[in-house]
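Here's the structure we're looking at; comments come further down.
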Amino acid sequence: SFSRLNINLNGGTRTQNNPLGDGSLPREVLGNLLADITYMFVKFAHKLGILWSIENPMSSLLWQHPKIKKLAHLTGIQFIRFDQCCYGLRFPDSRPGHLVQKDTTLLTSAPLQDLAGRCNKQHVHDHVMGGVLHDGHWIKRSAPAGHYPKDLCSKWA
């Protein structure tokens, strides 16, 4: 519910100035609760020296959530930004040379600076809109775009 598409396509109430929404949509209330729980777990993990990461698209309104913004001020925390096309993100029906950019951000205490990377613009970008035929049925393009590419998983690990 923190996606800007939630506002444009699903009548969401979150905005840059009001990232918590107006409290009228159950999906946004649940999203706020999950962000609050994430905040509590991360604060506890950080106090114990446990490494952690929060990942969301760069455009996500999660980054404007007051408690998530507080986490950014903890000692040793960094934002890491990367485009997932750098790691081979593509749709099942993508043509050769077509990738999905998906501008992604991590807020983390872990030493993951090597994940940072921006698109070199040497390929065509497919957009996360509409549907794609996958295994004989139509799915939203956002579903396969939500899976980390193998190269990203390997480098992150």
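What the Cβ-Cβ distance of Lys155 and Val29 gives, at R0 = 35 Å and to the nearest 0.05, is a FRET efficiency of 0.45. Seen from Leu99, the other residues with C-beta closer than 14 Å to its C-beta sum to a net charge of +2, counting Lys and Arg as +1 and Asp and Glu as -1. DSSP finds beta bridges in the chain, and of those with both partners inside it, around 85 percent are antiparallel. Taking other residues whose beta carbon is less than 15 angstrom from the beta carbon of Asp22, and scoring Lys, Arg as +1 and Asp, Glu as -1, yields +1. Taking the Cα centre of the chain as origin and assigning +1 to Lys and Arg Cβ atoms and -1 to Asp and Glu Cβ atoms, the resulting dipole is close to 240 debye.
Here each label is just a point 7 Å from Cα along the line to Cβ, and for Ser142 and Phe41 those points are 2.1 nm apart. Work from the charge dipole of the chain (Cβ charges, +1 for Lys and Arg, -1 for Asp and Glu, about the Cα centre) and give the residue of Asn6, Thr75, Gly31 farthest towards its positive end. The one lying farthest along the dipole's positive direction is Thr75.
Size descriptors for the stretch 54-137 (Cα atoms only): Rg and Dmax, in that order, 15.4, 49 Å. In this structure the amide hydrogen of Trp52, modeled in the peptide plane, comes within under 5 Å of the amide hydrogens of Ser109, Ala110, none closer than 5 places in sequence on its chain. Projecting the Cα atoms of His125, Pro96, Met58 onto the charge dipole of the chain (Cβ charges, centred on the Cα centre) puts Met58 farthest toward the positive pole. With a Förster radius of 25 Å applied to the beta-carbon distance between Met129 and Gln64, the computed FRET efficiency rounds to 0.60.
Each value in this text was obtained by applying a stated rule to the coordinates, not by laboratory testing. The structure displayed is predicted, hence computed values, not measured ones. Cβ sites come from the backbone with ideal geometry, for glycine too, and all protein chains shown count toward neighbours.
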